[in-house]
Amino acid sequence: QVQLVESGGGLVQPGGSLRLSCVASESIFSINVMGWYRQAPGKQRDFVADIASGGTTNYANSVKGRFTISRDNAKNTVYLQMNALKPEDTAVYYCYAVRNGNLNWGQGTQVTVSP
């Protein structure tokens, strides 16, 4: 089982930026897909972005053009660069990893966008 630890969340004003990090407990070379979901209070957990081992990325329509996902295999880390943040981006952001059909989640990091 892969352990995932997120960091980088916090409070930011609308229009601001944050970069989330997700560090895996082992090499991510063998991890097929890593990505991010988010969950706002009282709502379901929604897909944000993912990146495959080959570098292919996918984004939710709501974040396209504002968020960028990337991975650094040497650091066993996936990043989510979030720009032009909006109040509706407020949520707990969860990192996940899929390896050989097994899904692993991080503990989440809070992002709050407020004046």
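The values are calculated or read from the model by the stated rules, or taken from the named source; none is laboratory data. For clarity, every value in this text was computed on a predicted model and none was experimentally measured. Note that each Cβ is placed from the backbone with ideal geometry, even for glycine, and that neighbours are counted across all protein chains shown. Accessible surface is based on the protein model in full, side chains and every heavy atom, while ligands, DNA and RNA are left aside. Shrake-Rupley method; radii C 1.70, N 1.55, O 1.52, S 1.80 Å.
Contact order for the chain, expressed relative to its length and based on alpha carbon pairs under 8 Å spaced 6+ residues apart, stands at 37 percent.
Restricting the calculation to alpha carbons of the chain gives Rg and Dmax of 13.3, 43 angstrom. Amide H to amide H, with H built 1.01 Å from N, Ile28 comes under 5 Å of Asn76, counting only residues 5 or more places away or on other chains. If you look at the Cα atoms of segment 40-80, you get an Rg and a Dmax of 11.9, 37 Å. Distance between the modelled labels on Arg66 and Trp105, one decimal in nanometres: 2.4 nm (7 Å Cα→Cβ projection). Applying the Karplus relation 6.51 cos²θ - 1.76 cosθ + 1.60 with θ = phi - 60° to segment 34-44 yields 3J(HN,Hα) values of 10, x, 9, 10, 9, 9, 8, x, x, 10, 6 Hz, where x marks Gly and Pro.
Surface composition of the chain: carbon plus sulfur atoms hold 48% of the accessible area, using a 1.4 angstrom probe and ignoring ligands, DNA and RNA.
Taking every alpha-carbon pair under 8 Å whose residues sit at least 6 apart, segment 58-102 reaches a relative contact order of 26 percent. As a ratio to 2.2 N^0.38 Å, the alpha-carbon radius of gyration for segment 56-115 is 1.25.
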